[in-house]
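Structure record follows, encoded as structure tokens.
The values are calculated or read from the model by the stated rules, or taken from the named source; none is laboratory data. Computed from a predicted model, the values in this text were never measured in an experiment. Methodologically, a virtual Cβ is constructed for each residue, glycine included, from the backbone with ideal geometry; neighbour enumeration extends over all protein chains shown.
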Ligand SMILES: [Fe+2]
């Protein structure tokens with residue numbers, strides 16, 4: 001007889017004013033030795049709640065973190081970005097260090113760490129928006145005010161590697177002190193203007209926004225557009241965008257013509273370009289998430305065969321569709337405690353690094369995802385896509 005799971009899954013209790021309708025906490029999981037019954041509960045929780053927080057997982061081995069991550073897609077084995085990170089010019093390269101004995105797990109964080117999991121004398125660097133945004137918060141306000149660094153999906157978006165199903169993040173070390181920051185959406189920070197969006201966040205939060213909410217909030221016309229449009233991503237997107245700059249809200253890039261030209265990129269193969277549905281179907285609920293990596297998008301392919309090629313226009317369309325989804329009331333900003341392992345549905349949410357650490361504030365995380373064995377599924381058919 002199969003042994004049933006004793007895992008408790010507690011949906012997050014968002015305040016009434018909040019639009020956050022995702023997230024759950026599991027207080028009692030033994031992730032080091034996960035039974036099949038436990039995993040089935042976790043799988044259902046993941047596709048139901050999109051972000052699942054496991055408490056008290058300090059000391060979880062990188063191997064167990066990898067096994068949990070891969071269990072969602074057992075035939076997947078390579079890190080979500082594969083060898084594309086070998087390219088020194090990729091914007092992702094400096095932020096990741098690989099655990100030698102479990103190379104699918106990366107160490108990320110901030111500050112100097114003398115020894116950790118076989119890595120020695122590592123200097124970690126929490127990405128700061130001033131290195132990526134077109135404008136930055138003035139230095140003298142930087143301690144208390146911050147930005148979303150970059151809203152994204154973890155995905156290579158070029159070549160054979162399909163966007164990972166899930167990503168896991170384990171907080172091995174978190175600076176104490178309970179410092180908080182105000183996250184600003186706009187370049188203009190004047191506090192007497194109530195129309196400007198801001199979000200009060202814990203230092204170094206990871207922010208999540210639901211692609212389902214983004215889709216559900218659209219007008220019926222925009223939902224039809226989203227269901228029937230395909231998104232073409234740039235070739236070598238993380239090198240291509242390496243000189244370009246982000247909007248103040250971290251949701252895509254401003255168009256200043258700074259993207260690298262084809263001759264500045266590694267050799268490209270048109271057959272490796274990824275063109276994905278704008279909406280990705282949840283394998284359990286069948287719901288549609290509007291999932292665009294807003295910084296990597298290059299063209300839109302519309303239902304009638306039109307190709308939107310003008311980059312500024314492409315970005316404006318994506319921003320208009322996605323911006324309501326990251327409104328303050330729709331964002332879950334996780335307040336990290338040591339031992340938190342956050343498992344998130346990479347095909348159902350967007351996420352962003354937030355915040356800026358001070359000198360001496362050390363944080364150390366383990367991150368894992370694996371490229372999926374299959375690409376995301378969009379609306380079933382033209383009939384479905386048309387809503388009939
Ligand atoms: Fe990420």
Subset of the range 131-147 (residues that are assigned to a loop (DSSP other than H, G, I, E, B) and closer than 17 Å to residue 359 by Cα): 142, 143, 144
Residue, nearest to the ligand (Cβ to nearest atom), within the range 318-333, restricted to residues that are more than 19 Å from residue 184 (Cβ to Cβ) and buried (at least 19 other Cβ atoms within 10 Å of the Cβ): 318
Filtered residue count, the range 40-54, keeping only those that are farther than 29 Å from residue 331 by Cβ and either buried (at least 16 other Cβ atoms within 10 Å of the Cβ) or at pLDDT below 95 (or both): 0
Whichever residue in the range 336-373 is at pLDDT below 95 and away from the ligand (no atom under 16 Å from the Cβ) and, among such residues, is surrounded by the fewest Cβ atoms within 10 Å (Cβ to Cβ): 359
In the range 202-240, the residues that are in a loop (DSSP other than H, G, I, E, B) and over 17 Å from the mean Cα position of the chain (by Cα): 203, 217, 218, 219, 229, 234, 235, 236
Single residue of the range 148-197 satisfying the filter (in a loop (DSSP other than H, G, I, E, B) and in contact with a helix residue (DSSP H, G or I) (Cβ under 6 Å, 6 or more places away or on another chain)) that is nearest to residue 108 (Cα to Cα): 149
Qualifying residue in the range 26-36 (condition: buried (at least 17 other Cβ atoms within 10 Å of the Cβ) and not in a loop (DSSP other than H, G, I, E, B)): yes
Test: residue 134 is more than 16 Å from the ligand (Cβ to nearest atom) and within 22 Å of residue 111 (Cβ to Cβ): no
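Is it the case that residue 57 is farther than 30 Å from residue 217 by Cα, assigned to a loop (DSSP other than H, G, I, E, B), modelled with pLDDT of 95 or more and touching a strand residue (DSSP E or B) at 6+ places or on another chain (Cβ under 6 Å)? Walk me through how you get there before you give the answer.
Numbers: farther than 30 Å from residue 217 by Cα: yes; assigned to a loop (DSSP other than H, G, I, E, B): yes; modelled with pLDDT of 95 or more: yes; touching a strand residue (DSSP E or B) at 6+ places or on another chain (Cβ under 6 Å): yes.
Yes: the conditions hold for residue 57.
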Selection within the range 106-127 - crowded, with 18+ Cβ neighbours inside 10 Å and within 16 Å of the ligand (Cβ to nearest atom): 106, 107, 108, 109, 110, 124, 126, 127
Failed criterion for residue 201 (all others in (1) surrounded by fewer than 23 Cβ atoms within 10 Å (Cβ to Cβ); (2) modelled with pLDDT under 95; (3) under 18 Å from residue 344 (Cβ atoms) hold): (2)
Condition broken by residue 313, with the remaining ones in (1) in contact with a strand residue (DSSP E or B) (Cβ under 7 Å, 6 or more places away or on another chain); (2) more than 16 Å from the ligand (Cβ to nearest atom); (3) more than 25 Å from residue 74 (Cα to Cα) satisfied: (1)
Conditions (1) more than 16 Å from the ligand (Cβ to nearest atom); (2) over 27 Å from residue 76 (Cβ atoms); (3) touching a residue at least 60 places away in the same chain (Cβ under 8 Å): number failed by residue 178: (3)
So residue 258, is it over 29 Å from residue 49 (Cα atoms) and either assigned to a loop (DSSP other than H, G, I, E, B) or in contact with a strand residue (DSSP E or B) (Cβ under 7 Å, 6 or more places away or on another chain) (or both): yes
Qualifying residue in the range 144-158 (condition: away from the ligand (no atom under 15 Å from the Cβ), surrounded by fewer than 21 Cβ atoms within 10 Å (Cβ to Cβ) and over 23 Å from the mean Cα position of the chain (by Cα)): yes
Filtered residue count, the range 267-282, keeping only those that are surrounded by 14 or more Cβ atoms within 10 Å (Cβ to Cβ) and part of a loop (DSSP other than H, G, I, E, B): 4
Condition met for residue 19 (farther than 23 Å from residue 372 by Cα, in contact (Cβ under 8 Å) with a residue 40 or more places away in the chain and surrounded by 14 or more Cβ atoms within 10 Å (Cβ to Cβ)): yes
